[in-house]
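Report on the structure given below.
All of the numbers you see were taken from the coordinates with simple rules; none came from a lab. As the structure is a prediction and not an experimental result, all values here were calculated from the model. So basically every Cβ, Gly included, is an ideal-geometry build from the backbone, and we count neighbours across all protein chains shown.
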Amino acid sequence: MLRLNSRFTRPPRILLVEDNDNDRYLTERAFAAVGCNLHLDCVEDGDECLRYLRKEREYSAALSPDLVLLDIGLPDLDGWSVLARLREISDVPVLMLTAAVRDEDKVRGLRAGADDYLPKPFELDELLARLRALLRRAKPEAEADEAVSGELLQVADLQQDPAGFEAYRTCSVSSL
Ligand code: CA
């Protein structure tokens, strides 16, 4: 089992914001293929991402994502708009996923509060390296509240929601 960050005593929670079913599926399977020790939630658009972040704040810090993987090409609200609104409510590390990274996009993103970029399609090794780097800097704020500790080897498909907020599809991330 691959641990992404030894500072976390629980699997890091990662929120993937991706409208493309295939990209979402491939990312989910890629994590599973290397047996990543993480909890991955997936949402399909910016509104859903912002709702997710607002609700976890309202109900429980333990449900806060430790990192957001944010696709730039999203319907309705694009990734830039989502990032701007997200920064009003959260300082969670954000890794932007983009089809083409131009220098002006990098500057724009850094000004808007992005922490890193990854051009699509990406190699899993590079994604993992960037996740590790960002998580190393992340503060595991929710750890004190988290009952889960030690090695969690498998994350179930369904997310139990103790605060009673709407069920988000939890991607299956487990060792093959
Ligand atoms: Ca997209």
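Taking the radius of gyration and the Kirkwood hydrodynamic radius from Cα positions alone, what is the Rg/Rh ratio for segment 19-111, to two decimal places?
0.96
FRET efficiency for Ser81 and Arg136, Cβ-Cβ distance as r, R0 = 35 Å, nearest 0.05?
Working: r = 28 Å, r/R0 = 0.81.
Efficiency at R0 = 35 Å is approximately 0.80.
Roughly what % of Cα-Cα distances in segment 74-134 sit above 16 Å, to the whole percent?
The share of Cα pairs beyond 16 Å in segment 74-134 comes to 46 percent.
Quick check on packing: order 82-93, 64-75 by the mean number of other C-beta atoms within 10 Å, highest mean leading.
Order by mean packing, descending: 64-75, 82-93.
For the pair Arg54/Leu26, report the inter-label distance in nm, with labels modelled 7 Å from Cα in the Cβ direction.
Here the answer is 3.3 nm between the modelled labels.
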